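Read through the structure below, which is laid out as structure tokens, and then see the notes.
The values are calculated or read from the model by the stated rules, or taken from the named source; none is laboratory data. All values reported here derive from a predicted model rather than from experimental measurement. For neighbour counting, all protein chains shown are included, and Cβ atoms are generated from backbone atoms with ideal geometry for every residue, glycine included. Areas reflect the complete protein model, heavy atoms only, side chains present, ligands, DNA and RNA absent. Shrake-Rupley method; radii C 1.70, N 1.55, O 1.52, S 1.80 Å.
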Amino acid sequence: ETLPPVLGDRNRIKQVFINILSNAIKYSSGGGRIGVSASQDQDELVVAISDDGCGIAPEDLPKVKEKFYKANTTRSGSGNGLAIADEIVKMHGGTLDIASVLDMGTTVTIRLPVYHARGELMTSEIVPLPQESKPTKRKEQ
């Protein structure tokens, strides 16, 4: 099955998947399993990344997308990965949802609007992305 394209910044979308997959690896024990699936649901591309790792406690789940929040303080990291991923997905007009059961694993589901073949988004609106700044070379005198 061929999946539809989405409109977005390739590097930022790549960062979303790096952050989510990195967490899945970090919080899974040796020999753990990580699954990735992709499908189309009407006008959305749906990507789900799941692991059978340590999971997230119910009291931490509502907070894990907040900047600097770390549910597991014994692991390295800034606590910004999910916050950044969520922000990028929202900038692309999508959603990032997290379902987790403590000691059983976590599933992160990313939904992004499909780019229509005629060049129009099938969803009502997308937030414009800021232009990335490029470094300029100084002229030597």
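Please identify every one of the trypsin sites (Lys or Arg not before Pro) in the stretch 9-55 that sits in a loop by DSSP and has no more than 13 other beta carbons within 10 Å of its own beta carbon.
In loop regions of the stretch 9-55 (DSSP not H, G, I, E or B), the sparsely surrounded trypsin sites (Lys or Arg not before Pro) are ARG33.
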Long-range amide H partners of ASN80, meaning residues 5 or more apart or on another chain whose placed amide H is closer than 5 Å, are PHE68
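Leaving out ligands and nucleic acids, note down the accessible area per residue over the stretch 1-43 with a 1.4 angstrom probe, in whole Å².
For the stretch 1-43, the per-residue accessible area is 70 Å².
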Phi angles of the stretch 36-45, converted by Karplus (6.51 cos²θ - 1.76 cosθ + 1.60, θ = phi - 60°) into ³J(HN,Hα) in whole Hz with x for Gly and Pro, give 10, 10, 9, 7, 10, 10, 6, 9, 10, 8
Descending accessible area (1.4 Å probe), largest on the left, turns SER22, SER100 into SER22, SER100
Taking Lys and Arg as +1 and Asp and Glu as -1, residues besides ASP52 with C-beta under 15 Å from its C-beta add up to 0
Sparse-neighbourhood loop hits (GluC sites (Glu not before Pro), the stretch 1-63; DSSP loop; Cβ within 10 Å at most 10 others) -> GLU1, GLU59
Counting sequence-distant residues (5 or more places) and residues on other chains, those with an amide H built under 5 Å from that of ASP43 are none
Counting only residues 5 or more apart in sequence or on a different chain, those whose built amide H sits under 5 Å from that of HIS116 are LEU121, MET122
Under a 1.4 Å probe, counting only protein heavy atoms, THR109 has an accessible area in Å², nearest 10, of 40 Å²
Carbon/sulfur accessible area of the stretch 1-64, % of total, 1.4 Å probe, equals 51 percent
